[in-house]
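First up is the structure itself, then whatever we jot down about it.
Derivation of every value follows stated rules applied to the coordinates shown; laboratory data play no part. Computed from a prediction, not measured in an experiment: that's the story for all the values here. Every residue, glycine as well, gets a Cβ built from its backbone with ideal geometry; the counts of neighbours run over all protein chains shown.
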Amino acid sequence: ALPVEGAGGFTILCMGRMEADLSDFNIDAPRWDQCTFLGRVKHFFNITDPRTVLVPERELDWAKVMVEQSRMGTVPPGTQVEQLFYAKKLYDSAFHPDTGDKMNVIGRMSFQVPGGMIITGFMLQFYRTMPAVIFWQWVNQSFNALVNYTNRNAASPTSVRELRPWSAAGCPLLPWLQPTVSTSP
């Protein structure tokens, strides 16, 4: 792979010398057949790949630019199909499908497995006292609430009334969610 300076100062990895015809390429079309179990599994593993959590912000921004350019039909010359697939993988794993906003790293589906494993490890280690059990159950539920909120259907707004059960449970995320909900359209 050869690094090449791309549009907007982003580094692009060139996988080969032959240019592919990308005039008919649809970046939003599924890469694998979604009518088969194996195709759906490959898609799921692709967008929940935990390695995408470690990708730098600059590369995520590059992926967003590449996906948006591909949707407009204006990919930079020399762009390879594999580069577009990689950009789409990063885009799907880091940006909300409804809003297009970058999601909180801890709330991304690609962080669900590593984050859950860490919390489960602490829950298994600190089980001897009731306060420890309550605390780690609370951390686990707060993590799950953050993941669920981050991956919510943002096409329909969430009202403050819908968040009241979280505040009744003492969820620490409510102060963080309150400004987000009040500014949504």
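Shape analysis of the range 68-144 places it in the prolate category; the axes a ≥ b ≥ c from the Cα gyration tensor give an a/c of at least 1.5, with a/b above b/c.
Using a simple spin-label model with pseudo-atoms 7 Å out from Cα toward Cβ, Asp28 and Met123 lie 3.8 nm apart. By the beta-carbon count within 10 Å of each Cβ, the least crowded to most crowded order of Ser156, Ser70, fewest first, is Ser156, Ser70. Counting Lys and Arg as +1 and Asp and Glu as -1 over every other residue whose Cβ lies under 15 Å from the Cβ of Asn144, the net charge comes to +2.
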